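The structure appears below as structure tokens.
The values are calculated or read from the model by the stated rules, or taken from the named source; none is laboratory data. Quick caveat: nothing in here was measured; it's all calculated off a predicted structure. Note: ideal-geometry Cβ built from the backbone for every residue, glycine included; neighbour counts use all protein chains shown.
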Amino acid sequence: MPPTREAIVSKKAPEPIGPYSHAVRMGNVVYTSGQVGLHPETKALVVGGITPESRQTMENLKNILESAGSGLDQVIKCTVFLVDIKEFPEVNRVYAEYFSKDPPARSCIQVGRLPLDARVEIEAIALTREGAGS
């Protein structure tokens, strides 16, 4: 029997800004959509620069993964999109707060522009908790 595909929309993350799910769980693997630093309640980008924006992005990602039966400790790959690669050190500092032990594989790409004029967007691939030991 093929694995079941399930679209995930988390109540703890900002609503998707387009026709997509926060994540899709296929079997024991979770694929998230890219997340930016939108506050779940105000639906606005957090203010204060790249550091608070990165922190909110990671919180959104964490909440989505948890809603999908996973967590940051189950992430196997992240892709980080930055508008300005010079902000990479600041993003790294925040990222390291969330992935302090055995960080996942990662790619970082500079892009021309992100939705809602965000400075950073992060997507992840993770295992579900029940699939982590398999």
| task | Could you give me the residue pairs with C-beta distances under 6 Å whose first residue belongs to the stretch 15-36 and is closer than 11 Å to I125 by Cβ, whose second residue is polar (S, T, N, Q) wherever it lies, and which are 6+ apart or on separate chains? | result | A23/T32; V30/S70
| task | Go through G69, G112 for me and flag whichever is at positive phi, modelled with pLDDT of 95 or more and either surrounded by fewer than 16 Cβ atoms within 10 Å (Cβ to Cβ) or not in a helix (DSSP H, G or I) (or both). | result | G69
| request: Answer yes or no: is there a residue in the stretch 95-116 that is of a type in the set (G, A, S), over 22 Å from S10 (Cα atoms) and either touching a residue at least 60 places away in the same chain (Cβ under 8 Å) or in contact with a Ser or Thr (Cβ under 6 Å, 6 or more places away or on another chain) (or both). | output: yes
| task | Return the pairs, sorted by first residue and then second, in which the second residue is part of a strand (DSSP E or B) and at pLDDT 95 or above, the first residue lies in the stretch 42-55 and is under 14 Å from E87 (Cα atoms) and of a type outside the set (K, R), the beta carbons are less than 8 Å apart, and the residues are 6+ apart or on different chains. | result | I50/V120; E53/L45; E53/V120; S54/V120
| said: Being surrounded by 17 or more Cβ atoms within 10 Å (Cβ to Cβ), aliphatic (A, V, I, L, M) and part of a strand (DSSP E or B) narrows it down to one residue among V91, V30, V24; which is it? | reply: V30
